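*Asks:* Structure in structure tokens, see below.
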Amino acid sequence: MRKNVIRRRTVEPRSTADHEPETRDGGVQSVDRALSILETLAEDDAGYRLSDLAIRTGLSTSTVHRLLATLESRRFVRFDGAESKWHVGSRAFTVGASFARRRNFSTQAIPYLRKLRDLTRETANLAVVDDEFIIVLTRMESREIMRSLTQVGGRVAMVTSGVGKAVLATYSDEDVGAVIRHHGMPRLTEKSIVRPSDLFRELEKIRKQGFALDDEEACMGLRCIAAVVYNDCAEPLAAISVSGMTSRLTDQRLPEIGQIVRDVAAELTAALGGVLPTPR
């Protein structure tokens, strides 16, 4: 007897990507949440437990766990079973490193950062502006005891950092005002500059002396001295700095170190084919 064969029609799985809720700015919600998890994990090398990560991101534990599973399958995050903590994965580093590679002057800057470190005995940093924030591209660590406020790849507000203020000093007053309106003037320590009038006075001082100082404005006990590296149009390309504890970066050393940072920044500018701006 011939059996009836039931042919099942293959139905393509319905894509959910086109039907996911959108964020208020038009982005896909799950992508926005996954990136929020990655950004939170990047804040602390010690990692986060699932419950802590949920609290930090404001998401439910089930949502965070689901997104972590997807990110882990793509190696953007990894789970440490011994500590029951989640960390940034190797793939996130690979993708993020492309940002530094695109700034192809990073490699050329290494000898100058090494020189800056050796001359001052402090940690030397190279940073750029991205979306009105400062991002540290690379650094040469000091051989002295050092607490680092911002990690390589970390972001910091322009008004609270030495490198940020060095770059802001090249801006017009209108452009500085725009940065303040967009990001405010956060009070990170009791010494943070939180009034626009005080910031404008500080920027005028920076323009005259050729280097900027973060005087415990981002973290008590730490100072940072910075100067701008210019491109071939005499526009800010990056900034270099030295950072160290106030016990070593004393008031007496500041003028000398400021001159060293300014000179090395000028040398790096020339090496990259840049041009120093005409004094105002």
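Values in this text are rule-based calculations from the coordinates and carry no lab data. Because the structure is a prediction, the values reported are computed rather than measured. All Cβ positions, even for glycine, are placed from backbone atoms using ideal geometry, and neighbour counts span all protein chains on display.
*Asks:* Using only alpha carbons, build the gyration tensor for the range 24-94 and give me the equivalent ellipsoid semi-axes, biggest first, whole Å.
*Replies:* One finds semi-axes of 18, 14, 11 Å for the range 24-94.
*Asks:* What nm value, rounded to one decimal, do you get for the distance between Glu132 and Gln252 when each label is placed 7 Å out toward the C-beta?
*Replies:* That separation, rounded to one decimal, is 4.2 nm.
*Asks:* If each of Arg114 and Cys233 carries a label point 7 Å out from its Cα toward its Cβ, how far apart are those two points in nm?
*Replies:* Result for the modelled spin labels: 3.3 nm.
*Asks:* How big is the range 103-271 on each of its three principal axes, counting only the C-alpha atoms and giving the largest first in Å?
*Replies:* 38, 38, 29
*Asks:* Quote the Stokes-Einstein diffusion coefficient, in whole µm² s⁻¹, for the range 184-280, based on the Kirkwood radius over alpha carbon pairs, a temperature of 37 °C and a viscosity of 0.692 mPa s.
*Replies:* In µm²/s, the coefficient is 230.
*Asks:* Full-extension gain between Arg195 and His65, please, as 0.36 nm times their residue separation minus the C-alpha to C-alpha distance.
*Replies:* Here the segment from Arg195 to His65 would lengthen by 42.6 nm.
*Asks:* A follow-up question, please. What residues qualify as long-range amide H neighbours of Thr123, i.e. H under 5 Å apart, gap of 5 or more or another chain, H built at 1.01 Å from N?
*Replies:* Result for Thr123 returns Ser142, Ser243.
*Asks:* Continuing with the same structure: On full extension of the chain, what length is gained from Phe79 through Asp45, given 0.36 nm per residue of separation minus the C-alpha to C-alpha distance?
*Replies:* Full extension from Phe79 to Asp45 adds 11.0 nm.
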